[in-house]
1. Could you list, in sequence order, the residues of the stretch 91-114 that are in a loop (DSSP other than H, G, I, E, B), on the phi < 0 side of the Ramachandran plot and out of contact with any strand residue (DSSP E or B) (no Cβ under 9 Å at 6 or more places or on another chain)?
2. Of the residues that make up the stretch 152-167, is at least one surrounded by fewer than 19 Cβ atoms within 10 Å (Cβ to Cβ), out of contact with any helix residue (DSSP H, G or I) (no Cβ under 7 Å at 6 or more places or on another chain) and within 21 Å of residue 229 (Cα to Cα)?
3. Please verify whether residue 68 is assigned to a loop (DSSP other than H, G, I, E, B) and at negative phi, treating the condition exactly as stated.
4. Anything in the stretch 1-36 that is part of a helix (DSSP H, G or I), within 30 Å of residue 120 (Cβ to Cβ) and at pLDDT 95 or above? List them, or say none.
5. Being part of a loop (DSSP other than H, G, I, E, B) and in contact with a helix residue (DSSP H, G or I) (Cβ under 7 Å, 6 or more places away or on another chain) is the filter here; which residues of the stretch 261-279 pass it?
6. Scan the stretch 177-196 and report the pairs whose first residue is at negative phi and assigned to a helix (DSSP H, G or I) and whose second residue is at pLDDT below 95 and surrounded by 12 or more Cβ atoms within 10 Å (Cβ to Cβ), with Cβ atoms within less than 6 Å and a gap of 6+ or a chain change.
7. Which of the numbered conditions does residue 99 fail, given that it passes all the others? Conditions: (1) over 21 Å from residue 143 (Cβ atoms); (2) crowded, with 20+ Cβ neighbours inside 10 Å; (3) modelled with pLDDT of 95 or more.
């Protein structure tokens, strides 16, 4: 049930300015997807697997981010940035994206193979944008509610404004463009111990309460299942890293339950209130 909305506990980042729209409209597919925390976790892990498979992205992420020393904090910051991008008013999200882009401009170096990279490279930004869009939509469609082809295309189009602001010019805006990007990028993807280290971190980091840690590890396996089969094979992600018998049903059950839990103080409900909509607008 919806808990009474408590204005005193509200986060002004999503409540204000009153009436100001976000980069993505409230009736979008993206607003429906991003309200589900389990789908976001599963989709986010799948996206990072795909990002770490690209050697230039992998070097930038692993050498410059806090994944190794502070995985929970890194996840919280990344998740918060995603929520602001989708739900917050433009006057809030656009400066945040500009700050992230400035941080990206400082990230550059060489891969262990000697290939140069820069986090501000539009090619790499497009891959990161595309893998995130794929991961979130695929997780929601697989474990919560099946998305139609039109809804998948809408989700990609809805992210185009943010993609441009992040510098990901030419990010896919429909499923065919996404398919082509995966097909052309796959030959660059490669196995790495870092991918397996990342999965270990995601399974063991104190993200969920200790009593639910087994569920957390199952959600990581659910994320592996989202990675296209040919890429899983290329990365060495055998069946042992995917879901076990009966776990797909359990993940779907949990994700569908999460889709009905209305967090009155969460970004989705607060952003609806900012626009003059009921806090349970996305759940009706």
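1. Residues of the stretch 91-114 that are in a loop (DSSP other than H, G, I, E, B), as a first pass: 105-107, 111-114.
Filter again for on the phi < 0 side of the Ramachandran plot, leaving 105-107, 111-113.
Within the stretch 91-114, 106, 112, 113 qualify.
2. No, the conditions are met nowhere in the stretch 152-167.
3. Criteria met by residue 68.
4. Of the residues in the stretch 1-36, the ones part of a helix (DSSP H, G or I) are 7-9, 12-15, 29-34.
With within 30 Å of residue 120 (Cβ to Cβ) added as a condition, the list becomes 13-14, 29-31, 33-34.
14, 29, 30, 31, 33, 34, listed by residue number.
5. Of the residues in the stretch 261-279, the ones part of a loop (DSSP other than H, G, I, E, B) are 261-266, 275-279.
Of everything in the stretch 261-279, those that are part of a loop (DSSP other than H, G, I, E, B) and in contact with a helix residue (DSSP H, G or I) (Cβ under 7 Å, 6 or more places away or on another chain) turn out to be 262, 263, 265, 278, 279.
6. 194/62
7. Only one criterion is unmet by residue 99, namely (2).
The values are calculated or read from the model by the stated rules, or taken from the named source; none is laboratory data. Just so it is clear, the model here is predicted, and its values are computed rather than measured. As a convention, Cβ positions derive from the backbone with ideal geometry for all residues, glycine included, and neighbour counts pool all protein chains shown.
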